[in-house]
Amino acid sequence: MEAPDNSLLNPDQRDVVVLQADLKEHLSLSEVDGRLSVSGWTGQPLGLFQEGDQFLALNDLLTCSMVEFHAYLSRSLKKQVKVTILRHLKVPIRRRHSLPHSL
């Protein structure tokens, strides 16, 4: 089995402020290999969260499980919460192109 080519991935950590109600209604998470990842987002704006985004923290509280996520979310007294995610962006490979020869 070949290891994935991580040379094309560029991790991008982001903080996103979102309504707590939107997280509860529109965000789907899953646990994969001990990591909490976004599996879907149906809220606005579209693309705010993307499938595969790694969920790192909620209001600066590090979390790696669904139990922690739901516990932190239920304890938050604010309408808006800060979510920290890690997104792996595809970086285009730069290749040398040969110029056509003149005839």
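The values are calculated or read from the model by the stated rules, or taken from the named source; none is laboratory data. Please read all numbers here as calculations on a predicted model, not as lab measurements. With ideal geometry, Cβ positions are generated from the backbone for all residues, glycine too; neighbour counts draw on all protein chains shown.
If the condition is being charged (D, E, K, R), over 16 Å from residue 15 (Cα atoms), free of Cβ contacts under 8 Å to residues at least 40 places away in the same chain and in a loop (DSSP other than H, G, I, E, B), then the range 41-81 contributes only 51.
Please verify whether the range 1-8 includes one or more residues that are within 14 Å of residue 88 (Cα to Cα), modelled with pLDDT under 95 and in contact with a strand residue (DSSP E or B) (Cβ under 9 Å, 6 or more places away or on another chain). Explain how you work it out, then say what you get.
Of the residues in the range 1-8, the ones within 14 Å of residue 88 (Cα to Cα) are 4-8.
Now narrow it down to the ones that are modelled with pLDDT under 95: 4-8.
Still in the running and in contact with a strand residue (DSSP E or B) (Cβ under 9 Å, 6 or more places away or on another chain): 6, 8.
Checked against the condition, which is being within 14 Å of residue 88 (Cα to Cα), modelled with pLDDT under 95 and in contact with a strand residue (DSSP E or B) (Cβ under 9 Å, 6 or more places away or on another chain), the range 1-8 yields at least one hit.
If you go through the range 32-42 and pick out every residue that is more than 16 Å from residue 84 (Cα to Cα) and either among the acidic types (Asp, Glu) or surrounded by 16 or more Cβ atoms within 10 Å (Cβ to Cβ) (or both), you end up with 1.
Just so you know, in the range 56-103 the residues that are β-branched (Val, Ile, Thr), exposed (fewer than 13 other Cβ atoms within 10 Å of the Cβ) and touching a helix residue (DSSP H, G or I) at 6+ places or on another chain (Cβ under 8 Å) include one that is modelled with the highest pLDDT, and it is 91.
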